[in-house]
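> Structure below; questions to follow.
The values are calculated or read from the model by the stated rules, or taken from the named source; none is laboratory data. Nothing here was measured: the structure is a model prediction, and the numbers come from that model. We place every Cβ from the backbone using ideal geometry, glycine too, and count neighbours over all the protein chains shown. Quick note on the areas: whole protein, heavy atoms, side chains included, nothing else; ligands and nucleic acids left out. Shrake-Rupley method; radii C 1.70, N 1.55, O 1.52, S 1.80 Å.
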Amino acid sequence: MTLRQPPEWARQDWLWIGFPHAADEWPDVLADAQTEIAGFANAVAQSGQQVRLICRDAKNAAAARALCDPAVTIAEHVYGDIWLRDTGPLVVSDGARMQARLFRFNGWGGKYVMPGDTEIGTALADEAGLEKTWGDWVLEGGAIDVDGTGLAVTTEQCLLNPNRNPHLTRQQIEDRLRRDLGIDRLLWLGDGLINDHTDGHVDNLARFVAPGRIAIPVASGDDDPNAAIYADAHARAAKFGLDIVPVASPGRVEIDDMVQPASHMNFLIASHVVIVPVYETPFQQDALASLQACFPGRKVIGLPATAVLIGGGSFHCASQQMPAKAS
């Protein structure tokens, strides 16, 4: 059988989450970002799932313990940024075997190079006791989303960006996704959100919620900066033949007069709950209701994520699930 990524809604053994530590990444809001990430970890742990909150050192581990439910496991590892979705291992399985796929990481096209980010994936895979293989190209986990059947979605802005794999053609990238992750069908969307630090990661734009079923934002308000991007994503997904779930976007979110890549799509599907970032906009209740309808067996919880956003991401970006071993 083909080794491929299980869908995020498959049963999980635990969830890794990165804990903010770098004051220059969260100017003036580091404590708020830590509180928001701790709230995320607490919500998953209180649902009955194991959470491993990754802290850079003893000082940050102590800060995390003061904020977290006792059910949250605190672990110390050296890493740069908290975005374990991109630097952690991607786990593939065929139902019997499990392996960690590790890829080259270049700081999102050389923009944010931090000590430890090229090593943390190996450290977490070793902690999990996983067999490891290394890909020969740059890939971040947030650049793709899968439905578990061999279907994935990505954006041209990211995977075709010359700051990632300038030597690879579109076809060669598709071939590597098939070889390394068992992806045999790929929906290419266009651009990601405006001002997304990652060059358009798809986990801020479109997410699978069931096999062949994808959630995509619809513009909220008359000044939604991503309205054309959402419309293009809807058109491409419809042409591909997918069932589309429209979800209200947060609308226009600005910090210091700059449009932010705020998105409800950066939700994390855990074994018992779905944690959705919210940004104190009038559209979030509609978004939460749409996502709750997608996950009738899980409780959908909206948690504040504005401080985390200032550092460049949200809950999905900051986490990586460990799929459950076959029983």
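> Go through the residues of segment 104-111 one by one and say whether even a single one is closer than 23 Å to P7 by Cα, modelled with pLDDT of 95 or more, part of a loop (DSSP other than H, G, I, E, B) and touching a strand residue (DSSP E or B) at 6+ places or on another chain (Cβ under 9 Å).
Checked against the condition, which is being closer than 23 Å to P7 by Cα, modelled with pLDDT of 95 or more, part of a loop (DSSP other than H, G, I, E, B) and touching a strand residue (DSSP E or B) at 6+ places or on another chain (Cβ under 9 Å), segment 104-111 yields at least one hit.
> So D136 fits all but one of (1) surrounded by 17 or more Cβ atoms within 10 Å (Cβ to Cβ); (2) in a strand (DSSP E or B); what number is the exception?
Looking at each condition in turn, D136 falls short on (1).
> Collect the residues in segment 105-132 that are hydroxyl-bearing (S, T, Y) and in contact (Cβ under 8 Å) with a residue 40 or more places away in the chain, keeping them in residue-number order.
The answer is Y112, and nothing else.
> Does G142 satisfy the condition of being in a strand (DSSP E or B), in contact with a helix residue (DSSP H, G or I) (Cβ under 8 Å, 6 or more places away or on another chain) and touching a residue at least 40 places away in the same chain (Cβ under 8 Å)?
When the stated conditions are applied, G142 does not pass them.
> Residue check, L288 against (1) buried (at least 23 other Cβ atoms within 10 Å of the Cβ); (2) of a type in the set (A, V, I, L, M); (3) in contact with a strand residue (DSSP E or B) (Cβ under 7 Å, 6 or more places away or on another chain), all met but one. Which one?
(1)
> Then there's this: May I ask you to verify whether R65 is touching a His at 6+ places or on another chain (Cβ under 9 Å) and not in a loop (DSSP other than H, G, I, E, B)?
No; evaluated as a whole, the condition is false for this residue.
> Is segment 197-204 home to any residue that is at pLDDT 95 or above and open to solvent by 20 Å² or more (accessible area, probe 1.4 Å)?
So far as segment 197-204 goes, yes, one or more of its residues are at pLDDT 95 or above and open to solvent by 20 Å² or more (accessible area, probe 1.4 Å).
> Any residue in segment 232-253 that is assigned to a loop (DSSP other than H, G, I, E, B) sitting within a Cβ distance under 6 Å of a residue that is β-branched (V, I, T)? List the pairs, counting only those 6 or more apart or interchain.
L242/I214; P250/T281; G251/T281
> For segment 112-126, enumerate the residues that are open to solvent by 20 Å² or more (accessible area, probe 1.4 Å) and modelled with pLDDT of 95 or more.
Of everything in segment 112-126, those that are open to solvent by 20 Å² or more (accessible area, probe 1.4 Å) and modelled with pLDDT of 95 or more turn out to be T118, E119, T122, A123, D126.
> Give the residue that is nearest to F240 (Cα to Cα), with candidates limited to residues of segment 149-183 that are in a loop (DSSP other than H, G, I, E, B) and without any contact (Cβ under 8 Å) to a residue 24 or more places away in the chain. Walk me through it before giving the result.
Pass one, segment 149-183, residues in a loop (DSSP other than H, G, I, E, B): 149-150, 160-169, 182-183.
After this cut, where a residue has to be without any contact (Cβ under 8 Å) to a residue 24 or more places away in the chain as well, the list is 160, 162, 166-167, 169.
Working: L160: 19, P162: 26, P166: 27, H167: 27, T169: 21 Å.
So the residue we want is L160.
For (1) part of a strand (DSSP E or B); (2) open to solvent by 30 Å² or more (accessible area, probe 1.4 Å); (3) among the β-branched types (V, I, T), each residue gets a yes or a no:
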| site | (1), (2), (3) |
| --- | --- |
| D86 | no, no, no |
| V91 | yes, no, yes |
| G129 | no, yes, no |
| K132 | yes, yes, no |
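> Hey, another quick one. Taking segment 295-317 on its own, how many of its residues are assigned to a helix (DSSP H, G or I), open to solvent by less than 20 Å² (accessible area, probe 1.4 Å) and touching a residue at least 60 places away in the same chain (Cβ under 8 Å)?
Qualifying residue count, segment 295-317: 2.
> Output the residue which, of all residues in segment 205-257 that are modelled with pLDDT under 95 and not β-branched (V, I, T), is surrounded by the fewest Cβ atoms within 10 Å (Cβ to Cβ).
Checking each candidate, the answer is D257.
Here is a yes/no grid of residues against (1) assigned to a helix (DSSP H, G or I); (2) modelled with pLDDT of 95 or more; (3) within 12 Å of A318 (Cβ to Cβ); (4) of a type in the set (S, T, Y):
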| site | (1), (2), (3), (4) |
| --- | --- |
| W9 | no, yes, no, no |
| W14 | no, yes, no, no |
| I17 | no, yes, yes, no |
| A23 | no, no, no, no |
| P27 | no, no, no, no |
| A33 | yes, yes, yes, no |
| A38 | yes, yes, yes, no |
| N42 | yes, yes, no, no |
| I54 | no, yes, yes, no |
